[in-house]
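Asker: Here's a structure for you.
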Amino acid sequence: MRKVLLSGLILFFLSSTSYSSTMTYKFLIPDFGGDPDYWYGFFNEAEKQNIYHPPTKREEQKESELEDFKNRLKYLILSRLASKIADAAFGEEELKPGTYEIGNFQVQVKPTGTDIQVILVDTTTGNQTTVEVPMYNK
């Protein structure tokens, strides 16, 4: 029994010896003396945790669905009118003179013999722009 107890004690002391090394601590955060190359990683982590995001202009000016539909329709009509003017300039379509009022715009179309004169008037400010589209004969 003594041999078993003595060998158990010797085994316990031999197994309990430990080795240690020098422990060093290095700051990571650049503000506390750490490596300045780590700033980008910390900045990204801070941005991910940021719960406040300033509203975008689109969110500030939320339009109602009706207002959005009205604007889309206005741009679609202006696009169609521009297509008709371009087709008439290439001789693919006959363009009749006229005045079109679309939203805050007034568009006057005057075909002459050599070109198509388009006068755009902003009715809210009174600003006027004249565009002359040359006619291309085949």
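Asker: If you take the residues in segment 33-84 that are over 30 Å from Gln117 (Cα atoms) and among the basic types (Lys, Arg), which one is modelled with the highest pLDDT?
Answerer: Lys48
Asker: Identify the single condition in (1) on the phi > 0 side of the Ramachandran plot; (2) in contact with a helix residue (DSSP H, G or I) (Cβ under 9 Å, 6 or more places away or on another chain) that Gly91 does not satisfy, given that it satisfies every other one.
Answerer: (2)
Asker: Looking only at strands (runs of 3 or more DSSP E) that fall completely inside segment 21-138, which ones have 2 or more residues that are of a type in the set (Gly, Ala, Ser) and surrounded by 10 or more Cβ atoms within 10 Å (Cβ to Cβ)?
Answerer: none
The values are calculated or read from the model by the stated rules, or taken from the named source; none is laboratory data. Just so we're clear, the structure is a prediction, and the values are computed from it rather than from any experiment. Neighbour counts are summed over all protein chains in view; Cβ atoms, including those assigned to glycine, are modelled from backbone coordinates with ideal geometry.
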